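Here's the structure we're looking at; comments come further down.
The values are calculated or read from the model by the stated rules, or taken from the named source; none is laboratory data. Being a predicted model, the structure only gives us computed values, none of them experimental. As a convention, Cβ positions derive from the backbone with ideal geometry for all residues, glycine included, and neighbour counts pool all protein chains shown. In case anyone asks, the SASA skips ligands and DNA or RNA and just uses the protein heavy atoms, side chains included. Shrake-Rupley method; radii C 1.70, N 1.55, O 1.52, S 1.80 Å.
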Amino acid sequence: MNIIKSNDNNDISADISSKPRVGFFDFASCEGCQLQIANLEEEILDVVDRLEIVSFREVMKNHSDDYDIAFIEGSIHRPIDEERLKDIRSRAAILIALGDCACTGSVNKLRNDWSVDNVKAEVYRGAEAAMKNNDFFDIFPTKRLDEVVDVDFYIRGCPVRKEQVLYYIKRLSSMPPHKNLDLRFGVVPRDIEKDVRSIIQYNPQKCILCRHCEIICNDILNVHAIGITNKGNESIVSTPFDIGLDNNKCISCGQCLVNCPVGAFTSSSSVERVLELLDDPENFVVFVIDPIAVASAMEILPTENTQLRPVMGSLIAALRDMNVKKVIDFTHFGYLSLAAQGEHVKTHKDMTFTSWCPSAHSYIEKFLPEFKKHIHKETSPEYLMLKAFRKWYGDENLKIVFLSPCIVHKGNPDFDAVLTARELPGLLKSRAIDLDFYDPEKGAFDCELGLSSVYVKGASSDYTYSLPIIEIAYMSKFNNLDAGLAVTTIGDYAHELAFDSEEGFFNALVIEDITRASKYLKKDIRKYNVVELYPCFHGCLTGGGQVPTTSMDLLNKRRDLLKNYKGECKAKDLFVSQIISAYDSIKEVE
Amino acid sequence: MDTKDKFIIDTILEKFTDMKDPTLMILQNIQEILGCVREEYLTYVAESNGYSLTELYGIVSFYPQFRLSPPGKHTIKICKGTACHVRGGAAIQKNLQNLLGIKPGDTTEDGVFTLESVRCLGCCGLSPVIMIDNETYGRVKTSKLQEILVKYKGVSANENQ
Ligand code: SF4
Ligand code: SF4
Ligand code: FES
């Protein structure tokens, strides 16, 4: 095989007419990962069939420096290792880090907590003379491979699973790999059962142990609901003593899910339930759409349209065809919530958590219980919406389906079904609906609130800090707001907003990252009137119900779609007065 | 958890307050003194020192050296290092499991034996190797296992089956 690696984009192309030449190499490690390969038993024949192994110290004496693919086990401790690794890199078109020591430094990195001298003294006390000027003992703090050279693929595990190595070998020898798709390499099922106890479900069969999920849950969110447990083949993402996510303080934000590169985390599907609801002619089905979810669903919906507005129009028309009685825009209740929060802040001088996010509420309840009483669920969009629905539609046959960017709503019994962006194509497909067949002009939201425009910025789409608060203030008729607003960034992820108004001086804290926020949350928090925080990065744009992605480009695309969709509000005063009166009409409902 | 255990853990935590990342040391110390790192110990460490239980559990389930329940009177370590593996460590383990009726990490019902599988014991020349308490047995044959066990039990290991 002749493998060529492009220097520009790291793409790898290969002529696969002959077998690739492969070398296995080791640095500081227990050699257990290579042993997995030596132990492939009869499958080793399959490997030999596909590869020409030119170097593999653990199993053969021959060695050649002429190879295309290098599998490397172990981490780097010494200048001589570094040199050897660079040499291997310069010869190999594809370099694969084999096992945890190579991928992350793993156990070997534990010693980095001590200085090199302390480590030497501890282990080799009395042998100082022998170590002197000896390259073998010339060590530096442990490095993983990619701290020294570029690594093309990572195979995790301590030790790696042999089935997975075999898979990589087959994949490499049959099809030119693409560097950026490394994590999408399939995996071989293991005999470990799926965990379906919570809204968030985990399938160990798919998991490649990349640890993205646990890093997010532990290091970024500080929730510590999940972690890798057990060792080697048995490693899975789990909870202590397998108590399950719900018992381990999971806030159902779904950040683990949207950041898993292989879809090992999923959420329970509600498509069947929605179809059931639609099939019963007695039901009065109200379908609530959060446009943020549609902006993301467009990435997987089969449609020719590239803008959100026509897709939304067609979707609404299609839903009506599916027996949905009312289609409601969730953002309308976002406006009402702003009005409600504004009113609350004006009349209550103590601090208020103004985030709408149920996961944020759950975070506060679980991790900052002393602030629980500062959450006011009565000002949330869901609360106001349910109240309004009862008023408008009675509740006898009322069935509410919510298309939402988050999964946490799936646990809310007030909704009859909650669909995520990921489930929308499945719903349409099961009724053989082609969106492009529906005239976008034919679909408009039902609105009993008399709101004339789709204008809203801020909180529900994105937590770009200034917006929600300004809106709240604006909605609540703090008229001279624009003049008095001051934003101070007090940390990378925290901002203070202060504004003077006719009603007095108000200040707010906006948190973009819960971990780093926790220090601001504890400190002097009561001095703020308003505190906003979200567990999801970039707010609902990357909610747990959205199509998984870690691409900033894609997120910006979602943002643009929403921006174009909303448009500018021309008559802001009129709009605000509409909202205030809409809110007044719902407020008194029991 | 009884106050004596609490006191012991507090003392251990105290000892490591100045260390940069003492988690492993703390867990090792607890196991050394209290015999295991059972759930309530881990929960106590997590609560009193701001560790997360998830992380602690991740650590103790990764390293075979940790035990979640108190050990039996004698601990049998089966070497699963590279050399021992190649020379039949797996068969030794399977046989011991059958003889004792337990899996690695567990203790026999009568509390006599705890079975553990460990990485290289550092005497590969003797592989396959098992260790019972501080005694090393090299070049172990499956047919000899019963004989070895009897020494520790006084009665035939068969009775456990
Ligand atoms: S849903 Fe959120 S809190 Fe729960 S395990 Fe995933 S990242 Fe952690
Ligand atoms: S992010 Fe997905 S693949 Fe990676 S460890 Fe978590 S569940 Fe496994
Ligand atoms: S592998 Fe068993 S003693 Fe080294």
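Under the rule a/c < 1.5 gives rounded, and otherwise a/b versus b/c splits prolate from oblate, where does region B:3-62 land using the Cα gyration tensor? All intermediate terms of the calculation are to be shown ahead of the outcome.
On the way: a/c = 1.34, a/b = 1.08, b/c = 1.24.
Note, shape of region B:3-62 comes out rounded.
State, to one decimal in nm², a quarter of the convex hull surface area for the C-alpha atoms of region A:247-296, i.e. the direction-averaged projected area.
Working: hull surface 22.6 nm².
Here the figure is 5.6 nm², rounded to one decimal.
With +1 on each Lys and Arg Cβ and -1 on each Asp and Glu Cβ, and nothing else charged, work out how big the dipole of the protein assembly as shown is about its Cα centre, in Debye to the nearest 20. Don't skip to the end; give the middle numbers.
Details: 86 positive and 106 negative charges, 259 e Å.
Magnitude of the dipole: close to 1240 debye.
Probe radius 1.4 Å, ligands and nucleic acids ignored: give me the carbon and sulfur share of the accessible area of region B:74-160 as a rounded percent. Could the numbers behind the result be given before it?
Details: 2070 of 4310 Å².
The computed percentage sits at 48.
Can you find, among A:His376, A:Val510, B:Phe16, the residue sitting farthest towards the positive end of the charge dipole of the protein assembly as shown, where Lys and Arg contribute +1 and Asp and Glu -1 at Cβ?
Checking the options against the dipole of the protein assembly as shown, the answer is B:Phe16.
Debye sum, Cα scatterers, region A:200-267, no solvent: what log₁₀ I/I(0) at q = 0.15, 0.20 1/Å?
Each listed q maps to, in turn, -0.39, -0.73.
Counting Lys +1, Arg +1, Asp -1, Glu -1, what net charge surrounds B:Pro104 among other residues with beta carbon under 14 Å of its beta carbon? Write down the numbers at each step before the final one.
Numbers: positive: A:Lys231, B:Arg67, B:Lys77, B:Lys80, B:Lys94, B:Lys103, B:Arg119; negative: A:Glu234, B:Asp106, B:Glu116.
Net local charge, B:Pro104 excluded: +4.
Near A:Ile192, within a Cβ-to-Cβ distance under 15 Å, what is the net charge of the other residues, with Lys and Arg +1 and Asp and Glu -1? Mind showing how you got there, number by number?
Numbers: positive: A:Arg161, A:Arg190, A:Lys194, A:Arg197, A:Lys206, A:Lys231; negative: A:Glu163, A:Asp191, A:Glu193, A:Asp195, A:Glu234, A:Asp242.
Taking every other residue near A:Ile192 into account, the sum is 0.
In the protein assembly as shown, what percentage of the DSSP-assigned beta bridges are antiparallel, given to the nearest 5?
Values: 36 of 81 bridges.
Roughly 45 percent of the beta bridges in the protein assembly as shown run antiparallel, per DSSP.
Let me know the mean shielding of A:224-231 by other chains, meaning the per-residue number of their Cβ atoms within 10 Å of its Cβ.
Mean inter-chain Cβ contacts per residue within 10 Å come to 5.
With a sphere of radius 12 Å drawn around the Cβ of A:Ser314, what net charge do the other residues whose Cβ falls strictly inside it have (Lys, Arg +1; Asp, Glu -1)? Walk me through the numbers before you get to the answer.
Working: positive: A:Arg309, A:Arg320, A:Lys442; negative: A:Glu304, A:Asp321, A:Asp434, A:Asp436, A:Asp439, A:Glu441.
Overall, the nearby charge balance is -3.
Once you measure Cβ to Cβ distances between cysteines in chain B, which Cys have no partner under 4.7 Å?
For chain B, the answer is B:Cys36, B:Cys120, B:Cys123, B:Cys124, because their Cβ atoms have no other cysteine Cβ under 4.7 Å.
Residues of region A:31-55 losing 50 Å² or more of accessible area relative to the isolated chain, 1.4 Å probe, heavy atoms only?
A:Leu35
Separation of region A:150-173 and region B:115-139 by C-alpha centroid, Å?
Between the Cα centre of region A:150-173 and that of region B:115-139, the gap is 30 Å.
I'd like the Karplus ³J(HN,Hα) series for region A:526-537: coefficients 6.51, -1.76, 1.60, θ = phi - 60°, whole numbers in Hz, and an x wherever there's a Gly or Pro.
Once θ is set to phi - 60°, the couplings for region A:526-537 become 5, 6, 8, 7, 9, 10, 10, 8, 9, x, 7, 5 Hz.
What's the buried accessible area, both sides, between B and A using a 1.4 Å probe, rounded to 100 Å²?
Numbers: alone 9190 and 26410 Å², together 33800 Å².
Chains B and A together bury roughly 1800 Å² of accessible area.
Express the accessible area of the protein assembly as shown per residue in Å², computed with a 1.4 Å probe while the remaining protein chains stay in the model.
Numbers: 33800 Å² over 751 residues.
Accessible area per residue, the protein assembly as shown: 45 Å².
Considering only C-alpha atoms, what is the centroid distance from region A:309-354 to region B:12-44, in Å?
51
Quick check for me: using +1 on Lys/Arg Cβ and -1 on Asp/Glu Cβ, what's the dipole size of region A:184-294 about its Cα centre, in debye to the nearest 20? Could the numbers behind the result be given before it?
Values: 9 positive and 14 negative charges, 129 e Å.
Roughly 620 debye, rounded to the nearest 20.
Cα to Cα, under 18 Å, and not fewer than 8 places away if on the same chain: which lysines meet these conditions relative to A:Lys346?
Within the straight-line cut-off, A:Lys346 pairs with A:Lys373, A:Lys377, A:Lys477, A:Lys527, A:Lys587.
Pick out, in residue order, every one of the trypsin sites (Lys or Arg not before Pro) in region B:107-149 that is DSSP loop and has at most 14 other C-beta atoms within 10 Å; say none if there are none. Show your work: numbers first, answer last.
Details: sites: B:Arg119, B:Arg139, B:Lys141, B:Lys144; in loops: B:Arg119, B:Arg139, B:Lys141.
For trypsin sites (Lys or Arg not before Pro) across region B:107-149 that sit outside H, G, I, E and B with at most 14 neighbouring Cβ atoms in 10 Å, the list reads B:Arg139, B:Lys141.
Give me the aspartates and glutamates in straight-line cross-link reach of A:Lys249: C-alpha distance below 19 Å, same-chain residues under 8 apart excluded.
Counting by Cα, and skipping residues close in sequence, A:Lys249 has these aspartates and glutamates nearby: A:Asp195, A:Glu214, A:Asp219, A:Glu365, A:Glu370, A:Asp513, B:Glu39, B:Glu40, B:Glu47, B:Glu55.
Give me log10 I(q)/I(0) at q = 0.17, 0.20 Å⁻¹ for chain B, Debye formula, one equal scatterer per alpha-carbon, no solvent.
Here log10 of I(q) over I(0) equals -0.98, -1.16.
Stick to the Cα atoms of region B:74-160, pair each with every other, and give me the Kirkwood hydrodynamic radius in Å at one decimal.
Details: mean 1/r = 0.0794 Å⁻¹.
Here the Kirkwood hydrodynamic radius works out to 12.6 Å.
Find, among the GluC sites (Glu not before Pro) in region A:252-321, those assigned to loop by DSSP (not H, G, I, E, B) with at most 11 other beta-carbon atoms within 10 angstrom. Could you put the intermediate results ahead of the total?
Details: sites: A:Glu272, A:Glu276, A:Glu282, A:Glu299, A:Glu304; in loops: A:Glu282, A:Glu299, A:Glu304.
Sparse-neighbourhood loop GluC sites (Glu not before Pro): A:Glu282, A:Glu304.
Tell me whether the protein assembly as shown comes out rounded, prolate or oblate; compute the Cα gyration tensor, take square roots of the eigenvalues as a ≥ b ≥ c, and use a/c under 1.5 as the rounded threshold.
On the way: a/c = 2.05, a/b = 1.73, b/c = 1.19.
Verdict is prolate for the protein assembly as shown.
Enumerate the amide H contacts of A:Asn230 below 5 Å, restricted to partners 5 or more residues apart or on another chain; note that Pro and chain-start residues carry no placed amide H.
Sorted by chain and number, the residues that satisfy this are B:Ser61, B:Phe62.
Taking +1 at the Cβ of each Lys and Arg and -1 at the Cβ of each Asp and Glu, which of B:Ile26, A:Gly426, B:Ser52 sits farthest along the dipole of the protein assembly as shown towards its positive end, judged by Cα position relative to the Cα centre?
With unit charges placed on the Cβ atoms, the residue in question is B:Ile26.
Only protein chains counted, 1.4 angstrom probe. Which residues of region B:33-49 are at least 40 Å² less accessible in the assembly than when their chain is isolated?
Listed by number, the residues meeting the 40 Å² cut-off are B:Glu39.
Give me the percent of the accessible area of region A:204-301 that comes from carbon and sulfur atoms, probe 1.4 Å, all protein chains in place. Write down the numbers at each step before the final one.
Values: 1530 of 3220 Å².
So the carbon and sulfur contribution to the accessible surface is 47 percent.
Using the alpha-carbon centroid of each, what span in Å lies between region A:50-115 and region A:358-381?
50
Probe radius 1.4 Å, ligands and nucleic acids ignored: give me the carbon and sulfur share of the accessible area of region B:3-62 as a rounded percent.
Roughly 51 percent of what the probe reaches on region B:3-62 is carbon or sulfur.
Which trypsin sites (Lys or Arg not before Pro) in region A:340-400 sit in a loop by DSSP (not H, G, I, E or B) and have at most 10 other Cβ atoms within 10 Å of their own Cβ?
Working: sites: A:Lys346, A:Lys349, A:Lys366, A:Lys372, A:Lys373, A:Lys377, A:Lys387, A:Arg390, A:Lys391, A:Lys399; in loops: A:Lys349.
Those that pass, being in a loop and sparsely packed, are A:Lys349.
Label A:Ser585 and A:Lys391 with points 7 Å out from Cα along Cα→Cβ: what is the distance between them in nm?
About 0.8 nm, to one decimal.
Averaged across the residues of B:81-89, what count of C-beta atoms belonging to other chains lies within 10 Å of each residue's C-beta? Don't skip to the end; give the middle numbers.
On the way: counts 4, 7, 1, 0, 4, 4, 0, 0, 0.
Counting other chains' Cβ atoms within 10 Å and averaging over B:81-89 gives 2.
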